[in-house]
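Right, one structure below, let's go through it.
The values are calculated or read from the model by the stated rules, or taken from the named source; none is laboratory data. Computed from a prediction, not measured in an experiment: that's the story for all the values here. Reconstructed Cβ throughout: ideal geometry from the backbone, glycine too, with neighbour counts over all protein chains shown.
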Amino acid sequence: MISIAVADRHPMVVDGIASLVRSDGNYAWLGSAVTWPSLIHLVALQAHGGPAVAVIEPAIGPSRELGEGIQGLIELGVRVVLNTADLRPVPIRRAVAAGAIGVVLKSDPREAMAAAIHSAADGAFFTSSEWAQRLVFDQGLMPRLAPREEEVLHLLATGMPRKVVGRHMNPPVAMTTVVTYINRICEKYREAGRSISCPTDALFAAARDGYLDLGGDYPEGSVAAVAS
């Protein structure tokens, strides 16, 4: 018997997976949650015997909580399957690096979810489609940014003027070094075939890849400061 828990903020998604679980005698429905703490509590309280699988929508919490949440589930012996409409490769790859064992896109058929759950229960990695596989593995889909380059982007995205970004890095660096990082980021995106004419273009490109979440992590209007 495979115990199933779901974390998703959309009731229709939860109801669909619950229906799938209840129609299959190999599954046991544990319930659903809308936050990482409530999901981990649910699984720790109810999962018992046999494999347990958690089907997760990464957007249930801030992107910074994703890796820690997945690792918390793994420590409880739970296999994690992502179920997402987010087509940004960075969050998906970070979830896989943290231990997620399956990726299902919400646009893929219902049968893909059943296959992902069974594969996860067997300890085998699964992707629901060719596009899901590309999001996980295709190295040409996005440039790889170094941690310090990401740090510069995050600080710029808060609205911090470029001339003071270096003081807020850990450890601090000179402004000339910040400019070097920005130039490297822009060049990496140009090499990846993106049209980049200024740092603001690079910031939006990084957001589209999932390095940044401009919709929730930064003050409204702060992006304009990147060009300052």
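Listed here are the helices (runs of 4 or more DSSP H) enclosed by the range 35-105 that have at least 3 residues being in contact (Cβ under 8 Å) with a residue 60 or more places away in the chain: 89-98. Of all residues in the range 164-217 being among the basic types (K, R) and within 26 Å of the chain's Cα centre (by Cα), which is farthest from L66 (Cα to Cα)? The selected residue is R190. Out of all the residues in the range 42-58, which are of a type in the set (A, V, I, L, M, F, W, C) and modelled with pLDDT of 80 or more? Result: L42, V43, A44, L45, A52, V53, A54, V55, I56. Do we have any residue at all in the range 71-85 that's closer than 21 Å to D213 by Cα, surrounded by fewer than 20 Cβ atoms within 10 Å (Cβ to Cβ) and not aliphatic (A, V, I, L, M)? No: the range 71-85 contains no residue that is closer than 21 Å to D213 by Cα, surrounded by fewer than 20 Cβ atoms within 10 Å (Cβ to Cβ) and not aliphatic (A, V, I, L, M).
Checking each residue in the range 139-158 for being in a loop (DSSP other than H, G, I, E, B) and without any contact (Cβ under 8 Å) to a residue 40 or more places away in the chain picks out Q139, A146. For the criterion of being over 22 Å from the mean Cα position of the chain (by Cα), surrounded by fewer than 22 Cβ atoms within 10 Å (Cβ to Cβ) and in a strand (DSSP E or B), G25 fails. Any chance the range 111-121 includes a residue that's surrounded by fewer than 19 Cβ atoms within 10 Å (Cβ to Cβ) and without any contact (Cβ under 8 Å) to a residue 12 or more places away in the chain? Yes, the range 111-121 has at least one match.
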